[in-house]
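The values are calculated or read from the model by the stated rules, or taken from the named source; none is laboratory data. No experiment lies behind these values; they were computed from the predicted model shown. Cβ sites come from the backbone with ideal geometry, for glycine too, and all protein chains shown count toward neighbours. Heads up: the accessible areas ignore ligands, DNA and RNA and are worked out on the full protein's heavy atoms, side chains in. Shrake-Rupley method; radii C 1.70, N 1.55, O 1.52, S 1.80 Å.
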Amino acid sequence: MEQKYSEVEAEKHFENNRLWFRRFQTTRSFRKLTKPERAAAGYITQAFVGLAYKYQLRSPRRYSAKSVKKVILELFPQKIAATNVFFTSVIPVMRRYFVFLGAQHKISNVDTLTRALDSLKIGTLLSSHRDTSNWDAHKKLGMQVLMGYKLDVDPKKVTAYEEDYNMGVPLRFCFDFSVNRPPKNIILLTEKLRKRFENVMYEKNR
């Protein structure tokens, strides 16, 4: 019988991940992540679980090297609206998380999955995220909100967007990674900078 997407099954995977992640937060491995990585980690693991199930119908025990590479290099850049800081954190966070899940006997092929992650380059992931031709319609909308192009957006609509399309990853103009200053990759959009950004995007997509 062909497997089909189930909201009930999806929520079960999310709930399992929330439980596992709370345990992961108590480990030395989690504490070794950088401050931005620690702040983004919960959203990253949740997004990974959600993307893997929604678009591949895969639960953690069915993750493969190929599926992991596809989620990170294709689905994250295509579907998730977030900052460069978030995307820089994806690979190191998931590597430590897979090792943790292996130790907890939640996955049985941890060596295969970590080797797959080790073969990926953060720069490649960032390039895919920055390439607007990779974005689906929902990500395009989310990035407009994140970068300040859509002003006075109803917070309820933003919350609904985050849950429906962004796997729970928050859209915040200055994504708070518990750092006292905004990440360098956030563009504070004055009119001058907005125009410059528009010109760059135009030239990039000619």
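Mind giving me the FRET efficiency for residue 31 and residue 84? R0 is 25 Å, r the Cβ-Cβ distance, nearest 0.05 is fine.
0.60
Modelling each spin label as a point 7 Å along the Cα-to-Cβ direction, I'd like the residue 64/residue 3 distance in nm, to one decimal.
1.1 nm
Identify the chymotrypsin sites (Phe, Trp or Tyr not before Pro) of the stretch 1-101 meeting these criteria: DSSP loop state and at most 10 other C-beta atoms within 10 Å of the C-beta.
Here the sparse-neighbourhood loop sites are 5.
Just list whichever of 79/156; 12/150; 121/157; 12/69; 66/139 have alpha carbons separated by over 25 Å in the model shown.
Numbers: 79/156 20 Å; 12/150 34 Å; 121/157 34 Å; 12/69 23 Å; 66/139 23 Å.
Those over the limit are 12/150; 121/157.
Dividing the Cα radius of gyration by the Kirkwood radius, what Rg/Rh value follows for the stretch 7-201?
0.96
For the stretch 1-158, what is the accessible area per residue in Å² when the probe is 1.4 Å?
Details: 8180 Å² over 158 residues.
For the stretch 1-158, the solvent-accessible area averages 52 Å² per residue.
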